[in-house]
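This report concerns only the one structure given below.
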Amino acid sequence: MTTVGTELLLDARDISKRYGAVVALRSASLAVRPGEVHALMGANGAGKSTLVKILSGGVRADGGTISVRGRPYGAHSPAEARRGGVVSVYQEPALIPDLDVRSNLRLTATAVEPVRHWLAELGLPDLDVSSMVRDLPLASLRVIDLARALAIEPDVLMLDEITAALPANLTERVLEVVARHRGTERSIIFISHRLIEIGVVCDRATVLREGATVGVVDVGAGSDDRIVRLMLGEISRRAPAVAAGPAGAGARTPETAPRLTARGLSAATRLRDVSFDLYPGEVLGLVALEGQGQDELFDILAGSERPAGGELLVDGAHVSFHHPADAIRAGLVYVPADRAEALLMQRSVRENIALPFSGPVGAWGLINVRGERRKVDAAVRTLQIDTRAAAEVRRLSGGNQQKVTIARWVAGGVRTMLCFDPTRGIDIGTKQQIYQLLRELAAAGAAVLLYTSELKEIQLACDRAIVVFNGRVVAEIPALEADEPTLLRAAYDLKPDEAIPELAVGETA
Amino acid sequence: MTSVGTGTAERNPWLTRATWRRILRDQPLIPLSGLLIALVIVLQLVQPGIVTASWAGVIVRQAVPLAILAGCQTLAMLTGGIDLSVGAVASMAAFVMATLVNGQGPVVAVLAGLGVALAAGVVTGVGIGVFKVHPLIMTLGMSLVVLGLVAVYQLAMVLSGVVIPDPILWLGSETSFGFLPNSLFLFVPLSAVIVLGLRRSGYGRLLFAVGDNAIAARLAGVRIWQVLIVLYTLSALLAAIAGFLIAGLNKTASPALVESAVLPSVAAAVIGGTSILGGRGGFAGTIVGALILTLLTTLLTTLNMPEAMRQVLFGAIIVVVAAAYTRVTGEA
Amino acid sequence: MSAATEALGRRRVGVGEAVTSWIRRSPWIVALIGLLVVFFAITKMLVPNYGAPGVQALGISILPNALAAVAQAIVVISGGIDLSVGSMMALTSVVSAVLMKGQSDIFAVGVVLGTLALGVLLGAINGALIVATRVPDIVVTLAMSFVWAGVALLIIHTPGGGAAPWLMETIRGPLVSEWIPRGLVVLAVLVGAIWIPLRRSNLGLSLFAIGSNRLAAFRSGVPVDRMKIVSYALTGLFSSLAGLALTANTGNASPVPGPYTLESIAAIVLGGVSLAGGRGGVVGPILAVAVLYLIRIDLQFIGINPNFGTVVQGVILIGVVMLGSFLALRRVRP
Amino acid sequence: TGTASPGASGGGAKAYSIGFSNPGGVGNGWREAMLCSAKAEAVKTGEVTKVTIIHHDTDANGQLADIRSLIAQGVSAIIINPADPDALNPGIAEALAAKIPVVAVDASVTAPGAYNLSNDQVQYAYLGASWLFKALGGTGDVVYMRGIAGHPADTDRDTGFKKALSENPGIKVVKEVATKWDPATATTQINDILSSGLKFDGIWTSGVDSTIVDALKTAKHPFVPIVGADNAGFVNQLLNETGLKGAAVTNPPSVGGAGVKLATQILDGKPPSATTVHVTPELWDNTTDAGKASLKAAADPKINPLWPLGLTIKDWTDYSKDEVIACKGPGE
Ligand SMILES: Nc1ncnc2c1ncn2[C@@H]1O[C@H](COP(=O)(O)OP(=O)(O)OP(=O)(O)O)[C@@H](O)[C@H]1O
Ligand SMILES: Nc1ncnc2c1ncn2[C@@H]1O[C@H](COP(=O)(O)OP(=O)(O)OP(=O)(O)O)[C@@H](O)[C@H]1O
Ligand SMILES: [Mg+2]
Ligand SMILES: [Mg+2]
């Protein structure tokens, strides 16, 4: 199926990069052959994004050599890299929020028609190129970014966690398009924390650990295991296998009163009528395709937005939130997916974790430093946060940043936690820790609502799942039955025997 | 193949330039104090014998009100704001106070001065916190409102006299032990409260939090409007205190007395290492920044510079200082 | 393929639809035009014989402020701010007036061109300093405002110089109809000749891009630093046009900067330019300048205590922005 | 148009409307007093039904806009305190073309046809400086504290000062600063001068005076002969501070009222023979009996110390001091 040339298309050797005291890359090497889809793997903070930024001219390396098609290469800006045939789709959208899509394309001298073609291929045929970028959802931005990169037809295309923020249906299309590049003249460097995606589209995988290349693996049967072991090094043995089955399943007895009850919640736009109960001691999974109203639901539960209709009860009492502070007072704490929404990037880990303590006017006085340190340290320990760069959260890797957003609430004691895709773009080891933590919280009596874009997580972490489609709850499924095909069918609101549309599209394309 | 650069990986990380930079950034007082000392040396070289204890007293006495006003800017800038109304509010507080002494007595007068400042601060805070008016516009608008109101008030109070109460004269313009400005008796505890408050109080934390990431602060349960109303109220009260000191220093008060200190107060906070973009800075640096600016003004007066050259040098030196500071700490 | 043709079909719209869509996209400008009409009506009510001479007075009076607002708008859209606009106006006005005094018309043309080049240079220096030092814009331009004003004062201590008669005639009086002041025509021509082509060019897109999101702009291949300097140079250019307008209006130049910097910031905010960068245009700020002018003269006509007039101006400044953010909130939530 | 201007309407009784444009100094005592004087005189003439005052901080270009808006409003006469002698000429020409007489007060304009009624600023400085240099016995070091660099009044005063200086070759200016007519700035400058140990024998100030005397007192610097303006606070000091030798030169704000009177005379068809009417400044020193008598006659301890005392001008104003302080115009 894959024809792989012998001459290297891209050859990067011994790349190093240091940010202050943090070594992002120690000695990273990456060799990509023409026509291959090459996975770049590594735990959070291993240096994948940094390597991509260096190859695409976004960041200058401290040391090392790069060549493209055997010729020395050293781009000083993404524009220069693009002229050299190297294009990257970064982890954050590289689109200008205040310009419409068409102007964004003009800015990068990309023709509109090929982009339209790729948008259609990637599952967004109806996208209006005169819409403002700031009005589009994140998933669409990722796809536009990708379509633009594809339209440039670069020699080397780098995709940094392109699927992390995509719903299942779009992920499918992206993977299909990526797979099409195998055996052509072009190569793709593909970064994802989802091994299953690697298995589907990649030929080989280079694994980074702590800024150094620790191995190159041919993808095939059994390669997953090798990659994980290379990625995690020593840690892999410590990672607990939560997958054995939800620990808390059945912990809920019928006579327990629900912690949180939603009845007929609706919002002005996509949320129509959502009702469910969340019980203490359980992790309730929430599954939905992109844009089915889950964002609005979480905004309402977190006190960020007011519902247009319906009611909300906490411990049987009606509540109405005007501000996140009200939700927090009622015990509902929220972990957003976008860490840029949750963290004070220039402040320390400690201040970030202690932030909710200072919120109420009554807590504006002098801080009890010792008490605060005790709580914060306990939370840091519970979550195993790497505090080497604790003085400024922006210096932490993504996974550790995500842990800080959770630790903030753990430090204060959790009654009800609302997690919106907390493992987006997080490596396996960290994911396991987060599942474990959610289970422990539930076991200690907390109620957890978990939205996830990775269907596999439902069985790993939840007791049961509800599926939201078109702003309504369309199914409730116990964890034991919630395998991926079942969830996906429910998410499309299909009868059990109907085919899943993406797969059909994927086959014909 | 081409070499992209040279590695520095094997060097001891504790002695790298980056480490030094971090130390300097986290401790802005070090480079700032260095600059301050350098300026003193330059002055001494320009005019030998000028640097004496009583001279230092004069400099400090002038710097104290500026530092307080720059403190207003520091607090506002930590949240990503700015307070251009400090001049108008400080002038108002001092003028209202000075015109009421004859009729109402000094205590009522001082309280009235603080009261009008408080009212102005609450209005500013509500505008910025609740109605989300950009701080630049809100405080600019408020300074027009305040100046206009005080000008109207002035016409009604032409015959009430302008009297600065003795305690304020004592604080503003007198010295103890021959050189120690009395304003320090107010300023030292005040700045201790501000410095400590920024580091160790819940409210201080929130100022940094709001400036760093207002969305995150909101999601963590911080009611930002409360923080902002309190902030601009505090700023107005601090401005009033500075206004009293300036009235004490000038032994008079007028509706525009403090206006000329507004832009220097912004400059002092910036030189002191507070980011105008929010989330980073502190009051200790601001104090040194105010001293540096005061010294700079003194230096230009001492050099007998014509006004045109003074302006050119003043501007150029601010750019150079800010640039050097940015270069040394590696931060904008 | 069919999706693409469909999209093409959807894009073919009539003129009427284009206008309505423009109105929908620019509610702020529509609101400003509405305000302008309202204040004209009020003025007419207060002074029944307010008419063509009044409009001509408006045309010439707002010209320097409007050009200053355009200057400020460009740099703010690009993610900066320039507190030295007023000082650059003073300096360019002084230079033009000093060089022009007693010289021939032809020489004066050269002086005008030279002044524009000077404006570009001053702005470029501001921008280059910001890029080179990494000191925030507001700090550098605040400091440079002292420098430029100081240089103006070095050139002449007191108001002086002169203006070529043709320059003064260019902005004064009516054109064709007594209702069309030359000042407004000049403004329209300058904005039309410089800003509109610019805005439609890649350069203009790049300016919006760096103001909207620096990192994304860099990753899209925009030379961010160079564009920053360009944006300041353009601000310098419009500041020098504003400076020339001062010279042309008064026939001489003063080395003391007028209140244009802060007024330009007020105008752009009222004109719908986001201080966060990336959003807005120059038409809104120009309309805002006109609205502010009408408010001021209406207050005079009412005969309000002038000190209360200062209060009212502050209140209006705050109030309009408050109203704007209120409307913006309503717009986000349909 | 057929409608008569408001000034001509109203049948037999005269009903002028007067426009007054003042381009600076919101909250400044002198400027406010000038405007009050105009209002009070307007009432006294009995011919003026409305005074439209435009009073905001702007430049010559902004004042030009104000003049044009007064023309558009159709006032009967325009009084201006000009920001510039030449720059307003286009607007003045337009007013005269619309048959609206223009009177410039405080400083003069060069437009043909406009009337100038002003204090002679050259003479103002010359008078004071000559007195000072004489008081120093023709030799000594002088501190020269100017106003706003570039302001027309400051320029005229500089001419007068330099003229006196050239007549006294023994006098040396050892320090020249621009106070911007701002007491706070002036205080900072004099403190810098005092603390730098500079030796000087006399001070000439451009109207910021009482704060300078206070600064000398605070620094325990022996008094030196000082020249200021007829501000309430300074006049009190000249009368009451022991050991203070000095002189106040009058710069009456009542030129505002005088301007109104002149304007109504023109409108009544009785214009003065010359278009330039100079108000001659007087010098009141506290070293002669005549001077002391004038100081005593003018002094009013109740008045705000930064306000000027020259609230009336003989032959040119008809109101009483109380009326100008009440600051009420026609119909208020
Ligand atoms: N701008 C920066 N300043 C300081 N440290 C940085 C910066 N960018 C990255 N780092 C550090 O460099 C290391 C590598 O980061 P990088 O983003 O390349 O990791 P990654 O492999 O992409 O991880 P993830 O899977 O979480 O995306 C991390 O420790 C990170 O904290
Ligand atoms: N609303 C949003 N607007 C812009 N970017 C977003 C938004 N939401 C998420 N992102 C970005 O999409 C990316 C996907 O999340 P991910 O967890 O992989 O990020 P990350 O911070 O780079 O972590 P790491 O690289 O350590 O894995 C993130 O970089 C995140 O900042
Ligand atoms: Mg990454
Ligand atoms: Mg990631």
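Given a Förster distance of 45 Å, report the FRET efficiency between D:Glu332 and B:Val130 from their Cβ-Cβ distance, rounded to the nearest 0.05.
Working: r = 36 Å, r/R0 = 0.81.
About 0.80, to the nearest 0.05.
In the stretch A:373-459, which trypsin sites (Lys or Arg not before Pro) fall in coil by DSSP and have 13 or fewer other Cβ atoms within 10 Å? Kindly include the intermediate steps, with their values, before the conclusion.
On the way: sites: A:Arg373, A:Arg374, A:Lys375, A:Arg381, A:Arg388, A:Arg394, A:Arg395, A:Lys403, A:Arg408, A:Arg415, A:Arg424, A:Lys431, A:Arg439, A:Lys456; in loops: A:Arg388, A:Arg415, A:Arg424.
Sparse-neighbourhood loop trypsin sites (Lys or Arg not before Pro): A:Arg388.
Hydropathy at least 0.5 by Kyte-Doolittle, axial extent at least 24 angstrom from the Cα trace: which helices of chain C, defined as entire DSSP H runs, fit?
On the way: long enough: C:27-46 (28 Å, 2.24); C:52-77 (34 Å, 1.67); C:105-133 (42 Å, 2.02); C:137-155 (26 Å, 2.16); C:224-250 (39 Å, 0.81); C:283-302 (28 Å, 1.87); C:306-332 (39 Å, 1.41).
Answer set is C:27-46, C:52-77, C:105-133, C:137-155, C:224-250, C:283-302, C:306-332.
Would you list the membrane-span-like helices of chain B, meaning whole DSSP H runs whose alpha-carbon atoms span at least 27 Å along their axis and whose mean Kyte-Doolittle value is at least 0.5?
Details: long enough: B:53-78 (34 Å, 1.37); B:106-129 (33 Å, 2.07); B:135-156 (31 Å, 1.95); B:224-250 (38 Å, 1.97); B:283-302 (28 Å, 1.87); B:307-329 (33 Å, 1.23).
Correct list, ordered by number: B:53-78, B:106-129, B:135-156, B:224-250, B:283-302, B:307-329.
Using only Cα atoms, find the angle between the long axis of helix A:168-179 and the longest principal axis of chain A, and express it within 0 to 90 degrees, rounded to the nearest 10.
Once rounded, the angle reads 10 degrees.
Between D:Ala290 and D:Lys270, what's the calculated FRET efficiency when r is the beta-carbon distance and R0 is 51 Å? Round to 0.05.
Working: r = 35 Å, r/R0 = 0.68.
Here the calculated transfer efficiency is 0.90.
Find the percent of Cα-Cα distances in the protein assembly as shown that exceed 60 Å, and round it to a whole number.
Working: 290837 of 1134771 pairs.
Distances greater than 60 Å cover 26 percent of the Cα pairs.
From the Cα gyration tensor of the stretch A:367-469, with a ≥ b ≥ c the square roots of its eigenvalues, which class applies: rounded if a/c is under 1.5, or else prolate if a/b is larger than b/c, or else oblate? Don't jump to the answer; show the numbers that get you there.
Details: a/c = 2.35, a/b = 1.48, b/c = 1.59.
Oblate shape, in that a/c is at least 1.5 and b/c is the bigger or equal ratio.
What shape does the stretch B:253-331 take by its C-alpha gyration tensor, where a ≥ b ≥ c are the square roots of the eigenvalues and a/c under 1.5 counts as rounded, a/b above b/c as prolate, and the rest as oblate?
Values: a/c = 2.25, a/b = 1.31, b/c = 1.72.
Because a/c hits 1.5 or more and a/b fails to exceed b/c, the stretch B:253-331 counts as oblate.
Where does the stretch A:309-388 land on Rg/Rh, using Cα atoms and the Kirkwood Rh?
Values: Rg = 15.2 Å, Rh = 14.9 Å.
For the stretch A:309-388, the value is 1.02.
At 222 nm, what helix-only mean residue ellipticity would the protein assembly as shown give, in deg cm²/dmol to the nearest 500, using -39500 (n - 2.57) for each DSSP H run of four or more? Numbers along the way, then the final one.
Working: 58 runs with 794 residues, N = 1507.
Helix-only estimate at 222 nm: -17000 deg cm²/dmol.
So what is the relative contact order of the stretch C:56-315, in percent, for Cα pairs below 8 Å that sit 6 or more residues apart? Mind showing how you got there, number by number?
Working: 484 pairs, mean separation 102.8, N = 260.
Computed value for the stretch C:56-315: 40 percent relative contact order.
Round to the nearest 0.05 the FRET efficiency obtained for C:Ile23 and A:Leu138 when R0 = 41 Å and r is the Cβ-Cβ distance. Don't skip to the end; give the middle numbers.
Numbers: r = 30 Å, r/R0 = 0.73.
Efficiency computed from Cβ-Cβ geometry: 0.85.
Can you put D:Asp106, C:Asp137, A:Asp493 in order of Cβ neighbours within 10 angstrom, beginning with the fewest? Working shown, then result.
Working: D:Asp106 26, C:Asp137 22, A:Asp493 16.
Ranked by crowding around the Cβ, least crowded first: A:Asp493, C:Asp137, D:Asp106.
Which is the longest stretch in chain A that no exposed loop site breaks, taking sites as GluC sites (Glu not before Pro) with a DSSP loop state and at most 10 other Cβ atoms within 10 Å?
Numbers: sites that count: A:Glu7, A:Glu255, A:Glu498.
Segment A:8-254 is the longest.
Measure off 7 Å from each Cα along the Cα-to-Cβ vector at A:Glu341 and D:Ala297, then give the distance between these two points in nanometres to one decimal.
So the label points at A:Glu341 and D:Ala297 sit 8.0 nm apart.
Does anyone have the angle between helix A:112-121 and the longest principal axis of chain A? Alpha-carbon axes, 0 to 90°, nearest 10?
Rounded to the nearest ten degrees, it is 60.
Just name one of C:Val176, C:Val256, C:Val75: the one whose Cα is farthest towards the positive end of the charge dipole of the stretch C:56-315 (beta-carbon charges, Lys/Arg +1, Asp/Glu -1).
C:Val75
Report the Cys residues of the protein assembly as shown lacking a disulfide-compatible partner, meaning no second Cys Cβ under 4.7 Å from their Cβ.
Here A:Cys202, A:Cys419, A:Cys462, B:Cys72 come out as lacking a disulfide-compatible partner, given the Cβ-Cβ threshold of under 4.7 Å.
Over all Cα pairs of the stretch A:122-179, how is the pair count split among 5 Å bins, expressed in % and running from 0 up to the last occupied bin?
That works out to 4, 17, 32, 25, 16, 6, 0, in percent per bin.
Taking the number of other C-beta atoms within 10 Å as the exposure measure, put D:Ser196, C:Ser264, A:Ser88 in order starting with the fewest. Show your work: numbers first, answer last.
Values: D:Ser196 19, C:Ser264 34, A:Ser88 26.
In increasing order of surrounding Cβ atoms, one gets D:Ser196, A:Ser88, C:Ser264.
Stretch A:Val361-A:Asp315 to full length: gain in nm at 0.36 nm per residue minus the Cα-Cα span?
Working: separation 46, 0.36 × 46 = 16.56 nm, distance 2.54 nm.
Result: 14.0 nm gained on full extension.
Mind checking which of C:Gln56, B:Gly49, C:Gly272 is farthest towards the positive end of the protein assembly as shown's charge dipole, using Cβ charges of +1 (Lys, Arg) and -1 (Asp, Glu) about the Cα centre?
B:Gly49
The stretch A:159-206 to the stretch A:66-86: how many Å between their Cα centroids?
22
Taking all pairs of distinct Cα atoms, average 1/r, flip it, and tell me the Kirkwood hydrodynamic radius of the stretch C:56-315 in Å to one decimal place. Can you show the working numbers first?
Working: mean 1/r = 0.0542 Å⁻¹.
Taking the inverse mean of 1/r over all distinct Cα pairs, the stretch C:56-315 comes out at 18.5 Å.
Could you give the distance between the Cα centres of the stretch C:126-179 and the stretch B:141-157, to the whole Å?
That distance is 30 Å.
Can you give me the pair-distance distribution of chain A, C-alpha pairs, 20 Å bins, whole percents?
22, 56, 22, 1
Which one of B:Ser265, B:Ser54, B:Ser235 has the biggest mean-square fluctuation once chain B is modelled by GNM with Cα springs under 10 Å?
B:Ser54
Counting only DSSP beta bridges with both residues in chain D, what percent are antiparallel, rounded to the nearest 5? Could you put the intermediate results ahead of the total?
On the way: 4 of 42 bridges.
DSSP beta bridges in chain D are roughly 10 percent antiparallel.
If you take the square roots of the eigenvalues of the alpha-carbon gyration tensor of chain B and sort them as a ≥ b ≥ c, do you get rounded (a/c under 1.5), prolate (a/b over b/c) or oblate?
It is oblate, given that a/c is not under 1.5 and a/b is not larger than b/c.
Considering only DSSP beta bridges whose two residues both sit in the protein assembly as shown, what percent are antiparallel, to the nearest 5?
Working: 51 of 126 bridges.
Antiparallel bridges: around 40 percent, rounded to the nearest 5.
Could you work out how far apart the two model spin labels at C:Ser177 and A:Asp377 are, taking each label as a point 7 Å from the Cα in the direction of the beta carbon, and quote it in nm?
That separation, rounded to one decimal, is 8.1 nm.
Tell me which trypsin sites (Lys or Arg not before Pro) from the stretch D:228-332 have a DSSP coil assignment and no more than 10 other beta carbons within 10 Å of their own. Mind dumping the intermediate values first?
Working: sites: D:Lys245, D:Lys261, D:Lys292, D:Lys296, D:Lys302, D:Lys314, D:Lys321, D:Lys328; in loops: D:Lys245, D:Lys302, D:Lys314, D:Lys328.
Qualifying residues, ordered by number: D:Lys314.
None of the figures in this text is laboratory data; all of them are computed from the coordinates on show. Since this is a predicted model, take the numbers as computed values, not measurements. We place every Cβ from the backbone using ideal geometry, glycine too, and count neighbours over all the protein chains shown.
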